[in-house]
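Coordinate-derived values only; no laboratory data. Values in this document were obtained by computation on a predicted structure and should not be read as measured data. We place every Cβ from the backbone using ideal geometry, glycine too, and count neighbours over all the protein chains shown.
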Amino acid sequence: MRTSNPVLNQSTFESSMAVRGAQQMTLQGTVNKTGILLFLTFATALYTWNMAHAQPGSAMPWVIGGAISGFVLALITSFKPVWSPVTGSFYALAEGLFLGGISARYEMQFQGIVLQAILLTGGTCLALLAAYSMRLIRATENFKLGIFAATGGIALVYLVTWVLSFFSIQVPYIHESGMIGIGFSVFVVIIAALNLVLDFDFIENGCTHGAPKYMEWYAAFGLLVTLVWLYIEILRLLSKLSKRD
C-alpha cells in the first residue's frame, strides 16, 4: 500500500483503522467525493479565470492566496485525515483559485493550451484507470518503489530550483524549451501520470480493508493532488512545445 503521493500512504490506513463502528469506505463513495472536489475546483478556477481576463492585476492576490492556502490545507489534511471532509473541500476551492489564474496566464500566451491540457489530463486519468481496472498495469512493490524514488527526485529538483531563485540563480536547460527541457517535462508528466496508478491502488486497498467512511474524502483529496500536479506539468510541457513552433 505504499504510494509516492505524500498524502496517501501506509500509515494513513493504519491510523484510520483505529476508528471503529463507523461506516466503511466504498469505491462509489470515493468516486462521488472526487466529483464534488473537482466541481469545487472548477467553480473557483472559473472565477479567477474570468477575473484574470477582465482585470489581470486584480486576479493575482487571489492566485497567490489560493496557492498559499492550498499548501497549508494540504498539510493539515495530510496530518488530520479525519478532517478531510472539510479541509479537503477548502483545499479544492483554494487550488481552483490558483489554477484559474495560472491557466489564464498560459492561455494569454498560447491560445488553446488550457483546453488541450484539460483534455490530456482527463484522458490520461481515464486511460490509466481503464488499464488498472483490466490489470494491464499493476502496482507491484518494485513499481511503487521506482515511482516513489522518481517523484522524490523531481521534488528535490524543484526544491533546489525554488531555493536558488531567491539568489537570482536559474537552473539551466530543464526549464527551457530546448530538447533537454522538453525531455525533462515529458519525464515529469510520465511520473505524475503513473502516480495515478498508485492512487488507484491505494483507494482499492482502502475499500478492501474496510477503511472508515471519511477516508473517501481523504482518498479523493489525494487523487486531486495528483491530478493538479499532472495538469500543471502538462501545461508546462505544452508551453515549451509551443515556444518551439
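Some notes on this structure:
- Pairs of alpha carbons in the chain whose separation is greater than 22 Å (percent): 56 percent
- Theoretical FRET efficiency, 1/(1+(r/R0)^6), r = Cβ-Cβ of MET134 and ILE190, R0 22 Å, to 0.05: 0.65
- Listed peptides 119-131, 31-43 by packing density, highest first (mean Cβ within 10 Å): 31-43, 119-131
- P(r) of the stretch 25-95 over all Cα-Cα pairs, binned every 10 Å from zero, in whole percent: 21, 43, 26, 9, 1
- Tensor-based shape of the stretch 70-179 (alpha-carbon gyration tensor, a/c under 1.5 rounded, otherwise prolate or oblate): rounded
- Packing around the peptides 170-181, 194-205, taken as the average count of other Cβ atoms within 10 Å per residue, puts them in this order, highest first: 194-205, 170-181.
- At q = 0.31 Å⁻¹ the log10 of I(q)/I(0) for the stretch 165-212 amounts to -0.99, computed by Debye summation with a single uniform scatterer per C-alpha, solvent ignored.
- Expected 222 nm ellipticity per residue - DSSP helices of 4 or more, -39500 (n - 2.57), all of the chain, to 500: -27500 deg cm²/dmol
- Simple spin-label estimate for GLN170 and GLN55 in nanometres, 7 Å along Cα-Cβ: 3.2 nm
- Percentage of interatomic Cα-Cα distances in the stretch 111-170 larger than 12 Å: 77 percent
- Rounded to the nearest 20, the Cβ-based charge dipole of the chain about its Cα centre (Lys and Arg +1, Asp and Glu -1) stands at 80 debye.
- 18 Å cut-off, amide nitrogen to a point 7 angstrom out along LEU241 Cα→Cβ, residues in the stretch 154-189: 175-189
- Relative contact order, percent, the chain [alpha-carbon distance under 8 Å, six or more residues apart]: 37 percent
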